[in-house]
Structure formats: structure tokens, C-alpha cells
Amino acid sequence: MGDAVDAVLRENLFGLEIDPRCTQIAAFAVALEAWKLAGKHRPIPADGLHIACSGIAPQAKKADWLRLAGTMSG
């Protein structure tokens with residue numbers, strides 16, 4: 001089970017939050033659930049969890065999202 005949990009954390013689980021504190025809470029919740037599922041402490045993947053803070057809300061302007069993505073095309 002531990003290998004499956006590690007694979008999900010490393011390759012299959014991604015999250016995007018709009019608030020920095022919520023990002024921290026989400027990362028802790030994911031790590032805690034992984035430890036519970038595996039039945040023991042699991043190290044966080046070397047490149048970290050794929051949970052990020054965008055700093056902008058979903059209803060932001062399209063230009064804000066394009067700037068975040070690093071492009072102004074589209």
C-alpha cells in the first residue's frame with residue numbers, strides 16, 4: 001500500500017488554492033491522509049507535493065490567468 005500512496009503523491013495528485021494558508025492546510029491534510037492510508041509515516045516526495053497557491057480567485061480576469069501561466073496569447 002505504501003508504494004501506491006507514494007505513486008499517487010508523486011504522479012497523480014495536483015491542487016491549486018487561492019489562499020496561501022489554505023495551501024498549507026491542504027498540503028498537511030494530504031500528507032496526513034497518505035500516512036493514515038499507508039499505516040505509517042510516508043516521506044513527502046523529493047520534489048514536494050503538487051499543491052500550489054495561485055494568489056488569484058477563479059473569477060479573476062482572463063488576463064490575470066494568462067499572466068500566471070506565463071503567456072499572453074489565447
Output yes when any residue across the range 35-50 is open to solvent by 50 Å² or more (accessible area, probe 1.4 Å), in contact (Cβ under 8 Å) with a residue 40 or more places away in the chain and aliphatic (A, V, I, L, M), and no when none is. no
Any residue in the range 1-29 that is over 18 Å from GLY39 (Cβ atoms) and in contact (Cβ under 8 Å) with a residue 12 or more places away in the chain sitting within a Cβ distance under 6 Å of a residue that is polar (S, T, N, Q) and open to solvent by less than 30 Å² (accessible area, probe 1.4 Å)? List the pairs, counting only those 6 or more apart or interchain. LEU16/SER54; GLU17/THR23; ILE18/SER54
All conditions in (1) over 29 Å from ALA69 (Cβ atoms); (2) acidic (Asp, Glu); (3) touching a helix residue (DSSP H, G or I) at 6+ places or on another chain (Cβ under 8 Å) are true of GLU17 except (1)
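The values are calculated or read from the model by the stated rules, or taken from the named source; none is laboratory data. Every value quoted in this text rests on a predicted model; they were computed, and no experiment measured them. Quick reminder, even Gly has a Cβ in these numbers, built from the backbone with ideal geometry, and neighbours come from all protein chains shown. Please note that ligands, DNA and RNA were not included when accessible areas were found on the heavy atoms of the full protein model with its side chains. Shrake-Rupley method; radii C 1.70, N 1.55, O 1.52, S 1.80 Å.
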